[in-house]
Amino acid sequence: MTVKKEARLRGRFKEEIDSSVLSYVASLPFDWRLYKYDIEGSIAHAEMLAHQKIISPVEFRKIKDGLLAILKEIETVRFPFKTELQDIHMNIEGRLFEIIGDTAGKLHTARSRNDQVALDIRLFARASAMQSVKALQQLNAALVGIAGKNINVIMPGYTHLQQAQPVLFAHHMLAYFQMFSRDIERYYDCLVRINVLPLGSGALAGVPYPVDREFVAVKLGFDDVSENSIDAVSDRDFIIEFEAVASITMMHLSRLAEELIIWSTREFGFIEMGDAYSTSSSIMPQKKNPDVAELARGKSGRVYGHLLGMLAVMKGLPLAYNSDLQEDKEGFFDTIDTLLSSLQVMSGLVGSLKINPSRMKSAMNSYILATDVADYLVKKGLSFREAHGVVSRLVSYAAEANKELDELDLKEYKKFSPLFGQDVRNISLQKSIEARMSYGGTASQQVKKSLERAKGIVRSYETK
Ligand code: ARG
């Protein structure tokens, strides 16, 4: 079956395009999302053409008014999308012909769809990076909030998911604040390479008109103009970079999700998730499922997938543009959608958490203070390695006797080292915390200072 379609691009063909081919090559079902950027870019381009006297001021006005009318049509869901026009660019141009007549044909002067689509996707990527930063800032505000509200709560710190040393719960939460702060930097960092104007590269070789690319760059808020036309239309490394940054963010989010899932089990009972952020089981009435966290963890997989997918799309492409590049969009759009929704619900989830300090405390036994006992012996003159040996024998003795360290009497201690004295009784969870006052450590003083710095950073988000 063939389709009667716009003849504009098919002048040299004798046959109409086959309908199966049309639906195969059409990107409209997904690239319609670029409409705003396409129109914004076209207006800036037309203005430059007028400024350079390549088109007349009257023609520019007609084109601009037509494009603004189209913008309104799309936003009020009145735009007649036509799949046979393949993509959003041809749809908008086609509609411009219908609205303003033949002047529409001047818009594509000194432009190709290749630099046009590169422009649109860069504008989209720029907006997405800013949205991601905002969403991360919200999450960080939630983390700082929960850390601040529970500043004195002690929990077991883990290595290998085995209890290691006590830490402040706030310290643990602020660890995530650091990860997400670095993610924010990463979006700003890739913005430097996203925010470069490709328009003016033409199909691949540049354009034979006296264009002013700087003019367009300023209009559209680009910091730079691409240096090489072949590169500008053919690379999508900025999308790959964005997807890599998004993958790192999702990895951090997934770790947080995993911890919240573990902590909300009956076995741990460290936290309870808010009802609004939990789901129930269709069969087991007692259950409160951590779906939000599970899905944030699960969705990290699809974002990694998009990164790998795009790397694979690009790896064998000769310069310059190839239609394979059209495959950049769905994965990219899904990356943004997944990232933003995950950040948003996880911020809400963190804000909804109820902390259970007594469960965190009762989950620990005295063995978590074994390092402190070793440090005690070091202060009495033993080398750390020797002290480590002494305490490891002491702990295994206590474990065999089924006793806590503070249930052993001094005589038993002394069997392992004559250096033990009455003051070994002073070792406590709180003392263990306060002893770790190295910069970045878990001592209350350090964590409070760190929290203040974090609060300052969160306050500065509003001004950015
Ligand atoms: N829909 C195309 C894309 O997403 C637009 C560019 C088409 N260019 C071309 N030479 N066929 O990449």
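The values are calculated or read from the model by the stated rules, or taken from the named source; none is laboratory data. In this text, all values refer to a predicted model and were calculated from it rather than measured experimentally. Glycine also receives a Cβ, built like all others from the backbone with ideal geometry; neighbour counts cover every protein chain displayed. In case anyone asks, the SASA skips ligands and DNA or RNA and just uses the protein heavy atoms, side chains included. Shrake-Rupley method; radii C 1.70, N 1.55, O 1.52, S 1.80 Å.
Remarks
- Any hit, the range 248-264, residues being assigned to a loop (DSSP other than H, G, I, E, B) and either open to solvent by less than 20 Å² (accessible area, probe 1.4 Å) or on the phi < 0 side of the Ramachandran plot (or both): yes
- Restricting attention to the range 32-44, the residues being within 12 Å of the ligand (Cβ to nearest atom) and farther than 16 Å from Pro198 by Cβ number 2.
- Which numbered condition Ala205 fails, given (1) more than 16 Å from the ligand (Cβ to nearest atom); (2) open to solvent by 10 Å² or more (accessible area, probe 1.4 Å): (1)
- All positions within the range 76-122 that are more than 9 Å from the ligand (Cβ to nearest atom) and in a loop (DSSP other than H, G, I, E, B): Thr76, Val77, Arg78, Phe79, Pro80, Phe81, Lys82, Leu107, His108, Thr109, Ala110, Arg111
- Conditions (1) closer than 25 Å to Gly440 by Cα; (2) within 18 Å of the chain's Cα centre (by Cα); (3) open to solvent by 30 Å² or more (accessible area, probe 1.4 Å): number failed by Leu136: (3)
- Residue count for the range 399-408, restricted to those that are in a helix (DSSP H, G or I) and more than 47 Å from the chain's Cα centre (by Cα): 2
- The lone exception for Ala147 - which of (1) over 16 Å from the mean Cα position of the chain (by Cα); (2) open to solvent by 10 Å² or more (accessible area, probe 1.4 Å); (3) not hydroxyl-bearing (Ser, Thr, Tyr) it fails: (2)
- Scanning the range 123-133 for residues that are farther than 30 Å from His51 by Cβ and either open to solvent by less than 10 Å² (accessible area, probe 1.4 Å) or not in a helix (DSSP H, G or I) (or both) gives Ser132, Val133.
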